[in-house]
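Working notes, structure below.
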Amino acid sequence: MLYGRAGEQQVVDRLLAQARDGRSAALVLRGEPGIGKSALLDHAEERAEGFRVIRAAGVESEAELPFAGLGLLLGSAADRLSALPGPQRRALEAAFGLAEQGPGDRLLTGLATLGLLAELATEQPLLCLVDDAHWLDGASAEALLIAARRLRAEAVVLLFAARDDQGAFPAPGLAELPVGPLAPTAAAELLAGRPQAIARRVLAEAHGNPLALIELPAALALEPPGSGPGTVPLTGRLGLAFHGRITRLPAATQTLLLVAAAEESGELDTVLGAAATLGVGPDSLPPAEEQAVLRVTADHRLLFRHPLLRAAVLQRAPLSARLAAHRALAEACPPGDRRTWHQALAATGPDAALADALARTATAAAARGGPAGAAAAFERAARLTPDPALATHRLVLAAESATEAGDLDQAEALATRALARTPAATPLLTGPRATAHFRRGDHPAAYELLLAGARSESVGGDRARLLLQAFHVAWYLGEPELGTVIDELSTLALPSTDPAAPLAEYLSAVTRPLLGRPAPALPPAAEVIDRARRAGAAPRDLVQVCGATLILGRDEETHRLAAELAAEARTTGAVGPLPTLLFFQAEAELFHGRHRDAEVTAAEGLALAMDTGQRQWVSQLRSLQAYVAAIAGEEQTCAELAAAALDAPGPAQAAGHPWAQWALALLDLGHGRAAAALDRLGTLTGGRYRHHVSATRAVPDLVEAAVRLGTPEAAAEAHQRWERWATAADQPWAHALRLRCQALLGPEELAESAYLAALDQHAPTRPFEQARTALLYGEWLRRTRRRTEARTPLRAALETFDRLGAHPWSARTRTELAATGTPTPATPPTGPLATLTPQELQIVRLAAQGLPNRDIAAQLFLSPRTVGHHLYKAYPKLGVAGRGELTGFFDEQSSHPRGSGTARASPGACTR
């Protein structure tokens with residue numbers, strides 16, 4: 001029976017009831033040690049009638065073993081892996097040690113975890129209990145959190161119990177339930193029957209902690225009469241109480257407990273096998289069970305009654321006993337990472353063979369997507385390595401792995417140790433040290449490190465890699481730094497077989513016009529990627545080529561390449577770069593006037609970026625969403641998304657800053673706030689980010705705002721740069737916008753010819769900008785008293801704005817039409833597709849193509865049940881009874897929704 005936890009029990013019971021109805025939920029129980037988190041997990045297990053229940057706990061001693069916690073929780077379900085899509089199955093097989101290698105993508109492993117949880121819940125609801133989540137290894141915690149954030153309609157309840165210490169098991173995006181002290185009445189009820197003096201003192205010292213209320217009476221009863229309140233912290237006093245309980249057990253039982261505490265899997269056969277090596281048999285187990293120290297679960301695992309009991313067993317044991325326990329466990333474990341890890345924990349000095357084995361374990365962990373475990377294994381391997389040069393090399397690998405895991409403090413500490421041992425290792429450590437600075441927001445320090453490393457005489461073949469990394473950093477610093485990196489890249493004499501050669505040449509070529517320099521002929525990006533592939537380039541290099549196509553306005557190439565690389569990532573399981581690719585794809589869709597498509601793509605990219613903590617792309621994607629909201633005139637949504645995009649830790653501005661500023665400026669411009677728009681756009685197009693894609697594309701908006709305020713000179717310098725850029729880009733749409741700017745800025749007598757030329761140049765696949773040009777031309781015609789002629793371009797513009805849902809621009813166009821003396825058409829009704837959420841639209845679109853739920857789930861990294869849930873919600877909105885009726889909502893030649901803001905040719909009437 002639980003005392004004083006009725007509210008918490010109701011929350012847990014409600015989640016279980018929802019799961020019985022097919023809904024999923026994840027919850028973190030947060031509180032101090034002994035507060036009752038484990039008891040609430042027990043309560044959930046007791047109330048989960050009709051559920052499949054799986055349970056595991058993190059253990060401090062094995063928090064560095066990759067996927068140890070995930071294997072404990074889900075390893076028994078390995079027989080269900082065959083139901084998962086191939087890449088997901090292989091990812092979990094590698095994580096569970098069932099395959100030598102597998103996709104090392106951390107995001108994929110988390111998505112595969114979601115798939116396996118959903119599969120386990122197909123016959124009955126599933127309850128997953130994870131105690132001491134703060135001690136989970138990083139790879140397991142990340143995979144479970146990714147899965148938890150994506151739970152929707154799988155009939156899964158995932159409960160974590162974690163301490164409330166700062167930084168203990170951060171779980172952004174998950175609901176949390178604080179578990180606080182018991183109320184005095186409940187605490188007193190728990191102590192009923194105790195001697196009054198003991199009860200009063202326990203109440204005073206326990207501060208409502210249930211475990212203390214239970215354990216302290218026995219400890220206090222052993223103290224001499226008249227003893228005062230304890231000066232030891234509560235957790236320490238509980239440890240002492242447990243220490244006393246363990247000490248009273250037989251010596252052989254204490255040895256068995258130590259072996260069980262050192263082996264976090266709790267597998268009964270492994271523990272008993274190791275104990276036998278130490279001369280202890282299974283007959284030593286009953287005394288521990290009788291004293292409620294631990295119990296044997298139905299799946300033959302030893303489970304300590306409370307995590308603090310396990311900690312007390314380990315803490316009280318002398319070092320020699322702990323080393324002996326790990327040696328015995330190493331003998332009892334089958335060959336593999338776990339055996340190697342126990343051998344390492346038992347080592348007392350350098351051991352070359354063991355260090356080599358640990359390095360192999362680290363390499364395998366990195367390949368499986370466990371960089372935190374790889375860092376720990378490389379670091380321990382370095383300690384055991386007798387050869388100084390090899391030890392330094394392994395510290396470098398540890399620093400690189402820690403950087404990949406996002407543990408920047410650990411990465412810098414490892415780098416410092418490596419440099420102290422071998423100063424000549426500086427070039428090798430430049431990459432991880434610069435990455436740590438960059439992710440903290442110290443871009444200048446990262447840039448200086450990379451440039452110095454690239455110029456070092458000892459850099460060798462790593463120069464190109466460091467310069468490409470420096471290019472990325474310089475992009476966020478400004479044109480002078482970017483120019484320096486381009487100059488350095490130009491001096492490289494790379495053989496054609498070098499994977500960096502195609503990327504270095506392409507980045508240099510597309511960036512030169514931004515810096516006012518002549519550029520060589522630009523090859524198609526597909527050819528660059530093909531060359532890079534043949535030379536063995538890494539996926540991140542291919543992604544960088546895709547993004548670079550936007551720099552000179554090759555938006556069609558961008559969309560094609562991003563879609564192809566994203567499809568390849570989904571198929572192969574290398575989904576880590578997907579947020580980046582989806583951002584590039586959404587940019588291209590937005591520039592082509594496919595605003596709804598961009599919204600859907602950005603929403604998927606944002607969810608994936610948040611799942612993996614890719615802050616740069618979270619910021620970029622939110623700012624792009626803000627721009628879409630600005631087009632629609634959604635003031636509050638735009639402001640909220642922009643604010644979220646601009647929220648960045650560290651001294652540097654958020655990566656999404658340029659896009660967010662453009663979004664807010666467009667919102668102002670659409671609502672007629674030209675002065676506010678000009679202020680934002682002037683800073684954006686004239687500041688240190690003026691070379692960014694969004695800042696470059698914002699110049700025509702700057703020109704319009706400046707002209708509306710009667711201050712065209714405010715846009716003069718930026719417009720000159722735009723003219724040079726548009727000439728270098730040599731794209732019809734860029735020439736159209738250049739002509740529109742000339743019509744606004746040039747002599748009045750040349751305005752009409754410029755407007756007409758611009759409308760001729762506009763591609764029909766860019767309807768938003770075409771409509772804006774038609775609107776400006778119509779306004780000009782009305783101002784010159786040619787009201788009848790103005791109606792034709794204004795009507796064409798209105799039709800496009802209405803179709804795109806660009807409400808401020810529709811309102812402005814209706815005002816202009818009314819001023820010409822003609823009735824304005826009514827606002828058309830919103831189509832049913834516009835009522836769908838981005839994810840519902842994405843799922844409906846794939847269902848309309850004939851894909852079954854399981855294939856849709858595999859492509860979008862959802863569970864089949866969640867796909868069905870979204871379709872179930874979408875059908876009533878669309879007025880259909882099933883998927884067979886969905887094809888009527890989409891164009892026959894594409895999967896683009898009709899009347900939902902997707903690009904279609906604008907009426908030709910606006911061109912003349």
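The values are calculated or read from the model by the stated rules, or taken from the named source; none is laboratory data. As the structure is a computational prediction, the values presented were derived from the model and not from experiment. All Cβ positions, even for glycine, are placed from backbone atoms using ideal geometry, and neighbour counts span all protein chains on display. We work out accessible area using only protein heavy atoms, side chains counted, and drop any ligands, DNA or RNA first. Shrake-Rupley method; radii C 1.70, N 1.55, O 1.52, S 1.80 Å.
Residue by residue, here is whether (1) within 27 Å of Gly86 (Cα to Cα); (2) outside any loop (DSSP other than H, G, I, E, B) holds:
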| residue | (1), (2) |
| --- | --- |
| Glu599 | no, yes |
| Ala603 | yes, yes |
| Arg622 | no, yes |
| Thr637 | no, yes |
| Ala648 | no, no |
| Leu669 | no, yes |
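Look through the range 693-724, keep the residues that are in a loop (DSSP other than H, G, I, E, B) and either open to solvent by less than 10 Å² (accessible area, probe 1.4 Å) or among the polar types (S, T, N, Q) (or both), and return whichever of them is modelled with the lowest pLDDT. I'd like the intermediate steps shown before the answer.
If we filter the range 693-724 for residues that are in a loop (DSSP other than H, G, I, E, B), which is where we start, we get 698, 709-711.
When the remaining residues are screened for being either open to solvent by less than 10 Å² (accessible area, probe 1.4 Å) or among the polar types (S, T, N, Q) (or both), the result is 698, 711.
On the way: Ala698: 98, Thr711: 95.
The residue in question is Thr711.
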Inset, instruction - From the list Arg596, Arg570, pick out the single residue that is modelled with pLDDT under 95, open to solvent by 30 Å² or more (accessible area, probe 1.4 Å), in contact with a helix residue (DSSP H, G or I) (Cβ under 9 Å, 6 or more places away or on another chain) and over 19 Å from Ala655 (Cα atoms). - result: Arg570
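May I ask you to verify whether Arg301 is closer than 25 Å to Leu136 by Cα, of a type in the set (D, E, K, R) and in contact (Cβ under 8 Å) with a residue 60 or more places away in the chain? Outline the logic, then answer.
Numbers: closer than 25 Å to Leu136 by Cα: yes; of a type in the set (D, E, K, R): yes; in contact (Cβ under 8 Å) with a residue 60 or more places away in the chain: no.
Taking the combined requirement at face value, the residue does not satisfy it.
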Legend entry - Out of Ala161, Ala187, Ala155, sole residue that is among the aliphatic types (A, V, I, L, M) and on the phi > 0 side of the Ramachandran plot: Ala155
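Rundown of residues vs (1) modelled with pLDDT of 90 or more; (2) open to solvent by 40 Å² or more (accessible area, probe 1.4 Å), yes/no style:
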position: Pro829; (1), (2): no, yes
position: Pro832; (1), (2): no, yes
position: Ile843; (1), (2): yes, no
position: Gly868; (1), (2): yes, no
position: Pro876; (1), (2): yes, yes
position: Gln893; (1), (2): no, yes
position: Pro897; (1), (2): no, no
position: Ser900; (1), (2): no, no
Inset, instruction - Among the residues of the range 277-311, write down those that are crowded, with 22+ Cβ neighbours inside 10 Å and either assigned to a loop (DSSP other than H, G, I, E, B) or polar (S, T, N, Q) (or both). - result: Val280, Leu285, Val293, His306
Inset, instruction - Inspect all residues belonging to the range 403-417 and state whether any of them is in contact (Cβ under 8 Å) with a residue 24 or more places away in the chain, of a type outside the set (S, T, N, Q), more than 27 Å from Thr612 (Cβ to Cβ) and outside any helix (DSSP H, G or I). - result: no
Inset, instruction - Provide a single number: the residues in the range 455-501 that are part of a helix (DSSP H, G or I) and β-branched (Val, Ile, Thr). - result: 4
Legend entry - From the options Ala199, Ala175, residue that is among the hydrophobic types (A, V, I, L, M, F, W, C), surrounded by fewer than 24 Cβ atoms within 10 Å (Cβ to Cβ) and in contact with a strand residue (DSSP E or B) (Cβ under 8 Å, 6 or more places away or on another chain): Ala175
Inset, instruction - Hey, can you tell me all the residues within the range 47-90 that are under 23 Å from the mean Cα position of the chain (by Cα) and open to solvent by 40 Å² or more (accessible area, probe 1.4 Å)? - result: Glu64, Pro85, Arg89, Arg90
Legend entry - Count - residues of the range 314-357 that are open to solvent by 50 Å² or more (accessible area, probe 1.4 Å) and closer than 14 Å to Thr255 by Cβ: 5
Legend entry - Subset tally (residues that are in contact with a Phe, Trp or Tyr (Cβ under 7 Å, 6 or more places away or on another chain) and more than 16 Å from Gly453 (Cβ to Cβ)) for the range 471-511: 3
Inset, instruction - Could you grab me the full set of residues in the range 681-692 that are buried (at least 21 other Cβ atoms within 10 Å of the Cβ) and either closer than 21 Å to Gly670 by Cβ or more than 28 Å from the chain's Cα centre (by Cα) (or both)? - result: Leu681, Leu684, Thr685
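Looking at the range 780-789, is at least one residue part of a helix (DSSP H, G or I), under 19 Å from Val707 (Cα atoms), in contact (Cβ under 8 Å) with a residue 12 or more places away in the chain and among the hydrophobic types (A, V, I, L, M, F, W, C)?
So far as the range 780-789 goes, yes, one or more of its residues are part of a helix (DSSP H, G or I), under 19 Å from Val707 (Cα atoms), in contact (Cβ under 8 Å) with a residue 12 or more places away in the chain and among the hydrophobic types (A, V, I, L, M, F, W, C).
With respect to Arg540, is the statement that it is part of a loop (DSSP other than H, G, I, E, B) and surrounded by fewer than 20 Cβ atoms within 10 Å (Cβ to Cβ) true? Working first, answer last.
Working: part of a loop (DSSP other than H, G, I, E, B): no; surrounded by fewer than 20 Cβ atoms within 10 Å (Cβ to Cβ): yes.
Considered against the rule, which asks whether it is part of a loop (DSSP other than H, G, I, E, B) and surrounded by fewer than 20 Cβ atoms within 10 Å (Cβ to Cβ), Arg540 comes out as no.
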Inset, instruction - Evaluate the following for Thr348: is it in a helix (DSSP H, G or I), out of contact with any His (no Cβ under 7 Å at 6 or more places or on another chain) and hydroxyl-bearing (Ser, Thr, Tyr)? - result: no
Inset, instruction - Considering every residue within the range 612-627, establish whether at least one is more than 23 Å from His691 (Cα to Cα), hydrophobic (A, V, I, L, M, F, W, C) and crowded, with 24+ Cβ neighbours inside 10 Å. - result: no
Legend entry - Contacts under 7 angstrom Cβ, first residue in the range 625-637 being touching a residue at least 12 places away in the same chain (Cβ under 8 Å) and β-branched (Val, Ile, Thr), partner buried (at least 19 other Cβ atoms within 10 Å of the Cβ) and outside any helix (DSSP H, G or I), 6 or more apart: Ile631/Ala806
Inset, instruction - Select from the range 813-858 the residues that are under 20 Å from Thr792 (Cβ atoms), touching a helix residue (DSSP H, G or I) at 6+ places or on another chain (Cβ under 7 Å) and in a helix (DSSP H, G or I) and list them in ascending order. - result: Thr813, Arg814, Glu816, Leu817, Ala819
Legend entry - Residue match in the range 502-514 (condition: modelled with pLDDT of 90 or more, part of a loop (DSSP other than H, G, I, E, B) and open to solvent by less than 10 Å² (accessible area, probe 1.4 Å)): no
Inset, instruction - Answer with yes or no whether Ala381 is in a helix (DSSP H, G or I), among the aliphatic types (A, V, I, L, M) and touching a residue at least 12 places away in the same chain (Cβ under 8 Å). - result: yes
Inset, instruction - Please name all residue pairs, on different chains or six or more residues apart, with Cβ atoms under 6 Å, provided the first residue is in the range 54-68 and is within 30 Å of Ala155 (Cβ to Cβ) and the second residue is open to solvent by less than 20 Å² (accessible area, probe 1.4 Å) and part of a strand (DSSP E or B). - result: Ile54/Cys128; Arg55/Leu129; Ala56/Val130; Ala57/Asp131
Inset, instruction - Answer yes or no: is there a residue in the range 421-436 that is more than 30 Å from Asp387 (Cα to Cα), out of contact with any Gly (no Cβ under 6 Å at 6 or more places or on another chain) and not acidic (Asp, Glu). - result: no
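From Glu412, Glu479, Glu457, grab the single residue that is open to solvent by 10 Å² or more (accessible area, probe 1.4 Å), of a type in the set (Asp, Glu) and within 27 Å of Ala509 (Cβ to Cβ). Talk me through it step by step, then tell me what you get.
Values: Glu412 fails: within 27 Å of Ala509 (Cβ to Cβ); Glu457 fails: within 27 Å of Ala509 (Cβ to Cβ).
When all the criteria are applied, what remains is Glu479.
If you check Thr122, Thr113, which single one turns out to be in a loop (DSSP other than H, G, I, E, B), touching a helix residue (DSSP H, G or I) at 6+ places or on another chain (Cβ under 9 Å) and at pLDDT 90 or above? Steps first, answer last, please.
On the way: Thr113 fails: in a loop (DSSP other than H, G, I, E, B).
That would be Thr122, the only listed residue that is in a loop (DSSP other than H, G, I, E, B), touching a helix residue (DSSP H, G or I) at 6+ places or on another chain (Cβ under 9 Å) and at pLDDT 90 or above.
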Inset, instruction - Could you figure out which of (1) in contact (Cβ under 8 Å) with a residue 40 or more places away in the chain; (2) surrounded by fewer than 18 Cβ atoms within 10 Å (Cβ to Cβ); (3) among the β-branched types (Val, Ile, Thr) isn't true of Thr727? - result: (1)
